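A.B. asks: What follows is a single structure, and I will ask about it in a moment.
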Amino acid sequence: MAAGARRRLRSLISKRYMERSRPLQILGSRVDPVGMEEAQQRIAGLLAQHRFAQVVTFGSEMAMLARRDAAYREAVNAADLVVPDTVGVVIAARLLGQPVRERVAGIELVENICEACASNGTLIFLLGGAEGVAQQAGDALVRRHPHSAPAQSCGRPGGTPRLAFAWW
């Protein structure tokens with residue numbers, strides 16, 4: 001393929017991605033066709049609204065669970081933003097004829113958001129399911145982003161090891 005034809009094809013594909021604002025469906029769960037940059041911009045917009053918001057980093061194991069569990073699927077579909085977190089979700093979207101721009105790895109998204117929060121003084125609250133999880137995560141974030149300081153962290157004794165972030 002000639003270089004000019006490749007450029008035109010890339011331009012068309014890029015426009016196609018940019019024009020798509022509709023979420024896609026994978027096994028009944030919504031996935032927003034965003035890349036890392038747009039996900040960060042949307043989260044910044046949610047932060048600016050000073051309200052509770054839920055962001056889901058959606059993986060293929062979550063798609064399988066949501067397929068079987070209606071309440072879980074409803075929670076995913078009700079989120080303010082659902083990003084494609086695993087290669088399995090990216091491949092599924094492609095096979096369904098609805099390709100996404102890129103995988104948005106949850107850990108990278110959280111790191112980027114924490115860095116942005118550290119730079120503008122936004123406080124972070126960490127909630128861990130098991131005792132000590134949130135504190136360990138907060139300590140690790142402060143080591144990586146010295147200007148950040150989790151406002152508070154707490155864990156639930158005997159809870160499942162999950163981690164939630166809140167910014168304000």
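What follows draws every value from the coordinates through simple rules; no lab data is involved. Not measured: the values here are computed from a predicted model. Please note: Cβ atoms are built from the backbone with ideal geometry, for glycine as well, and neighbour counts cover all protein chains shown.
A.B. asks: For the stretch 26-140, what does the convex hull of the Cα positions come to per residue, in cubic angstrom?
C.D. replies: 114 Å³
A.B. asks: What order do you get for 37-45, 99-107 when each peptide is scored by the mean count of other beta carbon atoms within 10 Å, highest first?
C.D. replies: In decreasing order of mean packing, 37-45, 99-107 become 99-107, 37-45.
A.B. asks: Follow-up. Can you tell me how much longer the chain between residue 95 and residue 69 gets when fully stretched, taken as 0.36 nm per residue apart minus their C-alpha distance, in nm with one decimal?
C.D. replies: 7.0 nm
A.B. asks: How far apart, in nanometres, would the label points at residue 77 and residue 115 be if each is projected 7 angstrom from Cα along the Cα-to-Cβ direction?
C.D. replies: With each label point 7 Å from Cα toward Cβ, the separation is 3.6 nm.
A.B. asks: Got a sec? How would 122, 57 order by Cβ neighbour count within 10 Å, fewest to most?
C.D. replies: The most exposed by this proxy come first: 122, 57.
A.B. asks: Moving on. Return 24, 47, 123 ranked ascending by Cβ neighbour count within 10 Å, so the fewest neighbours appear first.
C.D. replies: Fewest-to-most Cβ neighbours within 10 Å comes out as 123, 47, 24.
A.B. asks: Quick one: which residues, 5 or more positions from residue 26 or on another chain, have an amide H under 5 Å from its amide H? H modelled 1.01 Å from N in the peptide plane, none for Pro or chain starts.
C.D. replies: For residue 26, the qualifying residues are 31.
A.B. asks: Can you pull the one-decimal nm distance between simple spin-label points at residue 22 and residue 143, each 7 Å off the Cα toward Cβ?
C.D. replies: About 4.7 nm separates the two model spin labels.
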